[in-house]
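The values are calculated or read from the model by the stated rules, or taken from the named source; none is laboratory data. Worth saying up front: this structure is predicted, and the values here are computed from it rather than measured. Because the Cβ atoms are built from the backbone with ideal geometry, glycine has one as well, and the counts that use them run over all protein chains shown. Accessible surface is based on the protein model in full, side chains and every heavy atom, while ligands, DNA and RNA are left aside. Shrake-Rupley method; radii C 1.70, N 1.55, O 1.52, S 1.80 Å.
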Amino acid sequence: QVQLVESGGGLVQAGGSLRLSCAASERTFSRYAMGWFRQPPGKERECVAAISWSGGSTYYSDSVKGRFTISRDNAKITVFLQMNSLKTEDTAVYYCAADHGFGLKIRPREYDYWGQGTQVTVSS
């Protein structure tokens, strides 16, 4: 059982930056594909970024491409989401997710483990 704990959310003005972290409990973290999802109020959860177990492959949704960067530090069993040039439409609860295996996973149903979420609010 993998436990994931997100941190780094908060309130920021449009144009600002935040860095989300997701710490895992499992030492075999390096064997897990990871993803960051977000869910605005009343909307479905969507994948904004994903990274393969090795870190060699990444995915970004069109809405965040060029602004967000996903990375991982397997030694620290942590995955990060650097968010720059934030927009009001980025406001959502952000979740990290993990799934054992190779490749990139961008659908919620592909992930077995989820964090509790961290709120990101971007004000105008």
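Observations, loosely collected:
- Debye intensity ratio I(q)/I(0), log10, region 30-92, q values 0.14, 0.20, 0.26, 0.29 Å⁻¹ (C-alpha model): -0.41, -0.78, -1.13, -1.28
- Accessible area per residue, Å², region 44-124 with all protein chains present, probe 1.4 Å: 49 Å²
- Anisotropy class of region 4-124 from Cα gyration tensor, a/c 1.5 cut: prolate
- Report note on the peptides 100-110, 31-41, 63-73: ranked by the mean count of other C-beta atoms within 10 Å, highest first, their order is 31-41, 63-73, 100-110.
- Loop-located GluC sites (Glu not before Pro) in region 1-56 whose Cβ has at most 14 other Cβ within 10 Å (DSSP): Glu44
- Accessible surface of the chain [probe 1.4 Å, protein heavy atoms]: carbon and sulfur percent: 46 percent
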